[in-house]
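*Asks:* Please see the structure below; I have some questions.
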Amino acid sequence: MAIIKVSTSVFSLIKTVERAIQKASQGDTILVAAGKYKEALTIEEDVSISAKIAEHALIEGIIIVPKGKRLLLENITLHPTSQIFVEGSLHLINCVVKGALSNVLLSLNGGNVVAEKCQFTGATDVAVVLLNKSRASFEDCYFESNEKSHLLIEDSTIELVNSELLKSNHAVWLKSNSDAVLEQVRIHHHTGTQIIVQDASTLHMQGCGLEHGEGNGIYASKQSKIHINGTVIQHHALPQLWIQNSQLHVTNSQVNYGNESGLMLRECAEATITNTSFSHHKIANVQLTLESLLNMTTCQIYSCQGVGVQLKDKSIANFNETVFADNVLPQLFLSEHSICSLKDTTIKDGKQVGIFVEKNASCSIVSSTITNQENTAITVIGAELFMLDSIIQHNKGNGVLTVNQANTTIEGCTFQQNDMPHIAGKDHANVSIANSELIGGKGIFMVDSCQLDLRESTIRNGTGVQVEVVGQTKASVFKTYISDGDSNGIKVMKDATMHITESHITAHKMPQIVVNDSSVIFKNSELLCGGRNGLIIENHAEAFIQDSFISNHLYPQIWIDLNSAVELSDTQLTEGHESDIYVQNNSTLHANNCIIQNDKFIFNVQAVNNSKINLTQTTVENSIGDKFYSENNSQITYTLDELN
């Protein structure tokens with residue numbers, strides 16, 4: 001293999017590179033001296049063209065590498081007057097390729113290029129174009145100020161390693177089943193979307209930086225695939241990752257500081273994201289719409305000026321071991337038939353609502369914690385919520401607010417220290433609570449034709465009414481322990497109904513059960529140790545009390561007032577500090593097969609102001625005085641098992 005020297009010197013035998021190529025044999029090296037060579041070169045044999053210093057050897061013209069031919073260029077500056085056209089193989093080492101004379105610097109048509117330590121600048125259109133299954137590899141290369149795009153890849157494959165691309169409209173544009181691998185690449189300051197991936201193309205990014213773009217960071221569409229690992233994406237004017245009808249896989253990365261959203265998934269897009277953070281965006285950290293799908297594990301979603309994560313239009317998201325924090329608007333927002341599940345996830349320190357679910361969306365929460373929201377932890381409007389084994393605490397609004405025909409199921413959960421009722425329902429909401437614990441705060445409040453099913457739960461230490469149902473609401477309480485409240489245990493108001501079975505209600509400072517213009521069934525239950533009354537039944541209210549035990553209240557244990565009626569059956573009243581039964585103001589009580597005992601107050605049973613009491617097969621005992629008292633057109637009739 002010979003060395004052929006080329007020089008513009010008058011003493012040189014070969015003054016043009018073209019002449020050297022004509023004389024070269026297979027594998028020869030052409031050594032170019034300093035100077036400017038205006039040439040049109042077509043490679044006829046596999047040759048190498050090199051110079052000592054790239055800035056000193058300039059080739060201006062046209063270079064063609066035909067199919068099956070190989071060309072090595074080393075330490076050469078190229079000013080192509082038309083694109084360098086490669087159908088064969090081209091290897092560039094430490095070369096500078098400058099534009100201004102050509103709209104495209106380097107064009108491959110089924111060819112192969114390897115570039116090391118090269119610069120591509122100043123193309124009026126595109127720096128490098130790959131077509132028709134071309135292949136290219138760029139390592140330690142630099143692309144700057146190519147007008148429309150640095151790299152345009154169509155039906156081809158490209159690899160970039162340890163390179164930098166900046167100051168164009170686009171950095172990389174993939175079309176038509178292309179494949180790009182970027183490793184340790186820095187891409188920044190483009191006026192449009194920095195990377196475009198279309199038409200079933202694939203992009204792999206490892207350890208890259210994608211920053212400061214005036215469009216999207218990455219835009220993917222038409223069934224493309226994006227794989228990102230160990231990459232930082234930040235400071236884009238439009239959504240940083242826009243994935244449309246395509247797939248995204250992200251691991252160990254950061255998506256931060258965007259002017260709009262961090263991630264947008266649209267039109268059946270799918271994303272799997274692991275150990276990645278999304279933060280400091282102005283609209284949303286993550287958005288899904290138009291039936292998109294997201295799976296996110298061990299991620300962080302925080303410090304957004306808008307929504308943490310937003311799902312719309314039948315989208316689906318699954319979050320596992322993920323943290324939502326410090327987002328200004330709802331940390332998780334679901335709407336329009338979307339579905340979301342959270343497992344082992346924490347939602348904390350929100351500036352507004354933790355989770356907002358509306359418009360027939362559905363949210364499932366398992367083994368998660370929602371804490372310290374400035375407003376309600378979870379709001380459900382015309383939608384569905386399921387919670388299992390989760391903790392809702394220290395929120396300044398409700399724990400759960402469910403309204404407008406919403407359906408909420410809560411099982412095995414703990415609610416504590418929320419500033420407003422732990423669970424609130426309104427306007428035909430349906431709430432089912434089982435095996436849960438509500439501590440402190442105001443317990444449960446349901447209004448406007450709601451339904452409540454409370455089973456096998458504990459409600460204690462409430463600062464307000466522990467369970468309150470109002471306005472045609474229907475409630476059932478089964479095997480539940482309600483105790484130690486600063487106010488009432490239960491209030492049933494304004495044409496509401498409640499069925500209490502096998503439950504234990506004790507130690508409230510105010511009357512333990514208040515029924516006003518409503519109805520209550522109290523069966524197989526205990527009502528003990530109240531700071532005032534056991535039950536107040538008033539204002540056209542009704543109560544049926546059966547197989548129960550009522551004991552140790554400081555005021556009359558059952559107070560019936562204002563045109564109200566009570567049926568008492570197979571029930572024992574004992575250890576009252578005042579009357580066991582007090583009926584007044586056109587009210588009635590019928591007791592059958594009951595035991596009424598009192599050794600602390602002179603009258604067990606009292607009827608006043610046009611009221612009636614009827615006792616059948618009932619034992620009344622009083623060790624200190626009279627058992628009955630009636631006045632003002634009231635009457636007490638009785639058939640007693642035992643009269644002492």
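The values are calculated or read from the model by the stated rules, or taken from the named source; none is laboratory data. No experiment lies behind these values; they were computed from the predicted model shown. All Cβ positions, even for glycine, are placed from backbone atoms using ideal geometry, and neighbour counts span all protein chains on display.
*Asks:* Being within 22 Å of residue 446 (Cβ to Cβ), among the β-branched types (Val, Ile, Thr) and over 41 Å from the mean Cα position of the chain (by Cα) is true for just one of 500, 550, 513, 521. Which residue is that? Break it down stepwise before answering.
*Replies:* Details: 500 fails: over 41 Å from the mean Cα position of the chain (by Cα); 550 fails: within 22 Å of residue 446 (Cβ to Cβ); 513 fails: over 41 Å from the mean Cα position of the chain (by Cα).
The unique qualifying residue is 521.
*Asks:* Testing residue 603 on (1) farther than 21 Å from residue 514 by Cα; (2) touching a Lys or Arg at 6+ places or on another chain (Cβ under 8 Å); (3) of a type outside the set (D, E, K, R); (4) not in a loop (DSSP other than H, G, I, E, B), one condition comes back false. Which one is that?
*Replies:* (4)
*Asks:* Sticking with this one: Being in a strand (DSSP E or B) and surrounded by fewer than 17 Cβ atoms within 10 Å (Cβ to Cβ), is that true of even one residue in segment 43-50?
*Replies:* Within segment 43-50 (the criterion being in a strand (DSSP E or B) and surrounded by fewer than 17 Cβ atoms within 10 Å (Cβ to Cβ)), the answer is no, since none of the residues qualifies.
*Asks:* Only residues that are charged (D, E, K, R) and surrounded by fewer than 18 Cβ atoms within 10 Å (Cβ to Cβ): list them for segment 51-77, please.
*Replies:* Looking only at segment 51-77, we keep the residues that are charged (D, E, K, R), and these are 52, 55, 60, 67, 69-70, 74.
Answer for segment 51-77, where residues must be charged (D, E, K, R) and surrounded by fewer than 18 Cβ atoms within 10 Å (Cβ to Cβ): 52, 55, 60, 67, 70.
*Asks:* Here's another thing I want to ask about it. Which of the residues belonging to segment 231-247 are in contact with a strand residue (DSSP E or B) (Cβ under 7 Å, 6 or more places away or on another chain) and over 24 Å from residue 327 (Cα atoms)?
*Replies:* Correct list: 244, 246, 247.
*Asks:* Consider segment 606-624. How many of its residues are in a loop (DSSP other than H, G, I, E, B) and crowded, with 24+ Cβ neighbours inside 10 Å?
*Replies:* Total meeting the criteria: 1.
*Asks:* Counting only residues that are under 18 Å from residue 474 (Cβ atoms) and hydrophobic (A, V, I, L, M, F, W, C), how many does segment 395-443 have?
*Replies:* Within segment 395-443, residues that are under 18 Å from residue 474 (Cβ atoms) and hydrophobic (A, V, I, L, M, F, W, C) number 9.
*Asks:* Right, here's the next one. Restricting attention to segment 351-364, does a residue exist that is of a type in the set (Lys, Arg), touching a strand residue (DSSP E or B) at 6+ places or on another chain (Cβ under 8 Å) and free of Cβ contacts under 8 Å to residues at least 60 places away in the same chain? Spell out how you get there, then give the answer.
*Replies:* Going residue by residue through segment 351-364, those that are of a type in the set (Lys, Arg) are 351, 359.
From what is left, the residues that are touching a strand residue (DSSP E or B) at 6+ places or on another chain (Cβ under 8 Å) are 359.
Cutting the leftovers down to free of Cβ contacts under 8 Å to residues at least 60 places away in the same chain gives us 359.
The answer is yes, given that some residue of segment 351-364 is of a type in the set (Lys, Arg), touching a strand residue (DSSP E or B) at 6+ places or on another chain (Cβ under 8 Å) and free of Cβ contacts under 8 Å to residues at least 60 places away in the same chain.
*Asks:* Those residues that are under 13 Å from residue 555 (Cα atoms) and not in a strand (DSSP E or B), I need them from segment 568-593; list them, please.
*Replies:* 575, 576, 577, 578, 579, 580
*Asks:* Of all residues being closer than 13 Å to residue 148 by Cα and not hydroxyl-bearing (Ser, Thr, Tyr) in segment 162-181, which is surrounded by the most Cβ atoms within 10 Å (Cβ to Cβ)? Just the residue, please.
*Replies:* We begin by selecting, within segment 162-181, every residue closer than 13 Å to residue 148 by Cα; these are 165-173.
Filter once more, keeping what is not hydroxyl-bearing (Ser, Thr, Tyr): 165-167, 169-173.
Working: 165: 30, 166: 19, 167: 16, 169: 18, 170: 24, 171: 32, 172: 28, 173: 26.
Among those residues, the one meeting the criterion is 171.
*Asks:* Another question about this same structure. Does segment 280-300 contain at least one residue that is closer than 19 Å to residue 348 by Cβ, surrounded by fewer than 24 Cβ atoms within 10 Å (Cβ to Cβ) and among the small types (Gly, Ala, Ser)?
*Replies:* The answer is no, given that none of the residues of segment 280-300 is closer than 19 Å to residue 348 by Cβ, surrounded by fewer than 24 Cβ atoms within 10 Å (Cβ to Cβ) and among the small types (Gly, Ala, Ser).
*Asks:* Next question. Just a yes or no: is a residue in segment 471-478 free of Cβ contacts under 8 Å to residues at least 60 places away in the same chain, β-branched (Val, Ile, Thr) and over 24 Å from residue 591 (Cβ atoms)?
*Replies:* Looking for residues that are free of Cβ contacts under 8 Å to residues at least 60 places away in the same chain, β-branched (Val, Ile, Thr) and over 24 Å from residue 591 (Cβ atoms), one finds at least one in segment 471-478, hence yes.
*Asks:* From 102, 89, 107, grab the single residue that is of a type in the set (Ser, Thr, Tyr), crowded, with 19+ Cβ neighbours inside 10 Å, at pLDDT below 95 and in contact with a strand residue (DSSP E or B) (Cβ under 6 Å, 6 or more places away or on another chain).
*Replies:* That would be 102, the only listed residue that is of a type in the set (Ser, Thr, Tyr), crowded, with 19+ Cβ neighbours inside 10 Å, at pLDDT below 95 and in contact with a strand residue (DSSP E or B) (Cβ under 6 Å, 6 or more places away or on another chain).
*Asks:* Looking at segment 335-342, can you tell me whether even one residue there is closer than 22 Å to residue 395 by Cα and in a loop (DSSP other than H, G, I, E, B)?
*Replies:* Within segment 335-342, none of the residues are closer than 22 Å to residue 395 by Cα and in a loop (DSSP other than H, G, I, E, B).
*Asks:* While we're on this one: Could you tell me whether segment 104-123 includes any residue that is out of contact with any helix residue (DSSP H, G or I) (no Cβ under 8 Å at 6 or more places or on another chain), under 21 Å from residue 222 (Cβ atoms) and of a type in the set (A, V, I, L, M)? Steps first, please.
*Replies:* First, the residues of segment 104-123 that are out of contact with any helix residue (DSSP H, G or I) (no Cβ under 8 Å at 6 or more places or on another chain): 104-123.
Pick out the ones that are also under 21 Å from residue 222 (Cβ atoms) and you get none.
No; the residues of segment 104-123 include none that is out of contact with any helix residue (DSSP H, G or I) (no Cβ under 8 Å at 6 or more places or on another chain), under 21 Å from residue 222 (Cβ atoms) and of a type in the set (A, V, I, L, M).
*Asks:* Among the candidates 468, 538, single out the residue that is free of Cβ contacts under 8 Å to residues at least 60 places away in the same chain and more than 37 Å from the chain's Cα centre (by Cα).
*Replies:* Matching residue, one of 468, 538: 538.
*Asks:* Next up: Could you say whether any residue in segment 546-558 is under 17 Å from residue 510 (Cβ atoms), of a type in the set (Val, Ile, Thr) and not in a loop (DSSP other than H, G, I, E, B)?
*Replies:* Initially, segment 546-558 is screened for residues under 17 Å from residue 510 (Cβ atoms), giving 550, 552-558.
Those still in the list that are of a type in the set (Val, Ile, Thr) too: 550, 558.
Then keep just the ones that are not in a loop (DSSP other than H, G, I, E, B); that gives 550, 558.
Looking through segment 546-558, at least one residue is under 17 Å from residue 510 (Cβ atoms), of a type in the set (Val, Ile, Thr) and not in a loop (DSSP other than H, G, I, E, B).
*Asks:* Any chance segment 204-213 includes a residue that's out of contact with any helix residue (DSSP H, G or I) (no Cβ under 8 Å at 6 or more places or on another chain) and touching a residue at least 40 places away in the same chain (Cβ under 8 Å)?
*Replies:* Keep residues of segment 204-213 that are out of contact with any helix residue (DSSP H, G or I) (no Cβ under 8 Å at 6 or more places or on another chain), which gives 204-213.
Cutting the leftovers down to touching a residue at least 40 places away in the same chain (Cβ under 8 Å) gives us none.
Scanning segment 204-213 turns up no residue that is out of contact with any helix residue (DSSP H, G or I) (no Cβ under 8 Å at 6 or more places or on another chain) and touching a residue at least 40 places away in the same chain (Cβ under 8 Å).
*Asks:* Which residue is surrounded by the most Cβ atoms within 10 Å (Cβ to Cβ), if the candidates are limited to segment 316-342 and must be over 11 Å from the mean Cα position of the chain (by Cα) and more than 21 Å from residue 305 (Cβ to Cβ)?
*Replies:* Selected residue: 338.
*Asks:* Applying the selection to segment 285-307, what residues are under 20 Å from residue 246 (Cα atoms) and either of a type in the set (Val, Ile, Thr) or in a strand (DSSP E or B) (or both)?
*Replies:* Residues of segment 285-307 under 20 Å from residue 246 (Cα atoms): 285-297.
Selection gives 285, 286, 287, 288, 289, 293, 294, 295, 296, 297.
*Asks:* How about segment 51-162: which strands (runs of 3 or more DSSP E) wholly inside it have at least 2 residues that are in contact (Cβ under 8 Å) with a residue 60 or more places away in the chain and farther than 18 Å from residue 36 by Cα?
*Replies:* It comes to none.
*Asks:* Working only within segment 465-506, note down all residues that are surrounded by fewer than 24 Cβ atoms within 10 Å (Cβ to Cβ), of a type outside the set (Asp, Glu) and in contact with a Gly (Cβ under 7 Å, 6 or more places away or on another chain).
*Replies:* The answer is 465, 487, 494.
*Asks:* Which one of 234, 310 is within 18 Å of residue 209 (Cα to Cα), in a strand (DSSP E or B) and in contact (Cβ under 8 Å) with a residue 12 or more places away in the chain?
*Replies:* Working: 310 fails: within 18 Å of residue 209 (Cα to Cα).
Result of the check over 234, 310: 234.
*Asks:* Then there's this: From the set of residues in segment 19-38 that are of a type outside the set (Gly, Ala, Ser) and over 19 Å from residue 54 (Cα atoms), which is surrounded by the fewest Cβ atoms within 10 Å (Cβ to Cβ)? Step through it out loud before you land on a result.
*Replies:* Step one: list which residues in segment 19-38 are of a type outside the set (Gly, Ala, Ser), which gives 19, 21-23, 26, 28-32, 36-38.
Now drop any that are not over 19 Å from residue 54 (Cα atoms), which leaves 19, 21-23, 26, 28.
Details: 19: 15, 21: 21, 22: 12, 23: 14, 26: 10, 28: 18.
Looking at the filtered set, the residue picked out is 26.
Yes/no matrix, rows are residues, columns are (1) modelled with pLDDT of 95 or more; (2) surrounded by fewer than 24 Cβ atoms within 10 Å (Cβ to Cβ); (3) closer than 23 Å to residue 290 by Cβ:
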| residue | (1), (2), (3) |
| --- | --- |
| 183 | yes, yes, no |
| 186 | yes, yes, no |
| 196 | yes, no, yes |
| 205 | yes, no, no |
| 221 | yes, yes, yes |
| 228 | yes, no, yes |
| 234 | yes, yes, no |
| 238 | yes, yes, yes |
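*Asks:* Based on what the data block shows, is residue 325 at pLDDT 95 or above and over 30 Å from residue 256 (Cβ atoms)?
*Replies:* no
*Asks:* Which number in (1) over 14 Å from residue 310 (Cβ atoms); (2) part of a strand (DSSP E or B) marks the one condition that residue 262 misses?
*Replies:* (1)
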